[in-house]
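Here the structure comes first, spelled out in structure tokens, and everything after it is commentary.
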Amino acid sequence: MDPQYLLTLLEKYNAGLCTKEELGTLDAWYESLGSERPDHVIAPESEAARLLTHQKLQALRAQLETAAVKPPVRSISSPFLQKAIRTAAVLTGMALLSGAVYFGLQWRDRQNIHTAPMQSLAGLDYSRYITLPDGSKVVLHAGSHLEYPLAFSGDVREVTLSGEAYFDIKQNTSSSFVINTGRVKTTVLGTAFNIKAYPGSNEIVVSVTKGKVKVEDGPKMLAVLNPDQQIVYNTVAATLAQRQVNALGEISWTRNDMVFESIPFETIAATIGKRYHVNIQFNNEALKQCLVRASFSGTESLEEVLNVLCTVRNATYTIEDEERIIIDGKGCSADEL
């Protein structure tokens, strides 16, 4: 397969935009790897895996651009690239290797959905940041339950929520996004909003921060909400109230545990690690007790949070794999502790 075309398909797949024919092409490509298919499977729910995906796409694009000028000449020492070399007979060109094999990992993981079709998160005592298969972002409130497929397909992206969550949906005009909360469903194309639908409560509350949301109870249309609008629907009495609100105030809970006032870097890393499902380690032990002041809305990506924290402490971070991040830099002086 032409390397540039494969890159285009991988980027579309990562964005959830492949047609059925393109998915078939990728399936055939992955099967063509035969015994050289990668053994390790990237965790689809890992935020670090998303960052790795982004980095590998950038690296693959750069390699293809470089290869168009002249073949790169360099030694290959890492285990990852050594494994990639063994697939050279199947893949087209050395410039494609590292990125293509990496995406082979994700491709196999998402093709095995017949054995584990759904991802379910529940019972956590802290809020959790989640990147869905299509790139949409979710902040799941502590104690809430979210269920979603390992890969979206067709013209509807559908999830089920019990509790409270903030959604920032990636726009896809060919595939609507539906959140089921009991018999009430909320439908969007691309927007950000908060849903509160706790078990044992008769009320479902939807608040929109941007875009437009449609709320329905079975076949009955309840409301179409614009930014800073909210609907409170009583599922037992079938009554509703629609009003103007400060939507950002309605999602203030996402800031819980994300405001740090002179907190040791090690403590912050533990909090961030739980929220984003990653293992953050320090290469320099002296960094751990350095105090950090930083404040977040709680809706930022892992990359955004790490960039701020490392800038504050003049540190750097490296993504070692889909669940491990290494922070490095100088320690702090005694008067900074």
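Every number in this text was worked out from the coordinates using simple rules, so none of it is lab data. Because the structure is a prediction, the values reported are computed rather than measured. Cβ atoms come from the backbone with ideal geometry, glycine included; neighbour counts cover every protein chain shown.
Miscellaneous remarks
- Cut-off under 5 Å, modelled amide H: who pairs with residue 191 long-range: 169
- Net charge contributed by nearby residues that have their C-beta within less than 15 Å of residue 225 (K/R +1, D/E -1): +2
- Cut-off under 5 Å, modelled amide H: who pairs with residue 324 long-range: 279
- Each of 128, 324 was scored by other Cβ atoms within 10 Å of its Cβ. Arranged with the fewest first, they read 324, 128.
- Computed FRET value (nearest 0.05) for residue 234 with residue 321, which takes r as the C-beta separation and R₀ as 45 Å: 0.40
- Of the residues 137, 288, the one with the fewest other Cβ atoms within 10 Å heads the list, and the complete ranking is 288, 137.
- Per-selection Kirkwood Rh - segment 257-336 (Cα, Å, 1 d.p.): 12.5 Å
- Neighbour-count order for 134, 257, fewest beta carbons within 10 angstrom listed first: 257, 134
- Interatomic Cα distance distribution for segment 123-214, bins of 5 angstrom, percent: 3, 14, 28, 27, 19, 7, 2, 0
- Between segment 286-337 and segment 120-166, the alpha-carbon centres lie 26 Å apart.
- Put simply, the C-alpha atoms of segment 138-185 give a gyration tensor, and the ellipsoid matching it has half-axes of 19, 12, 10 Å, longest first.
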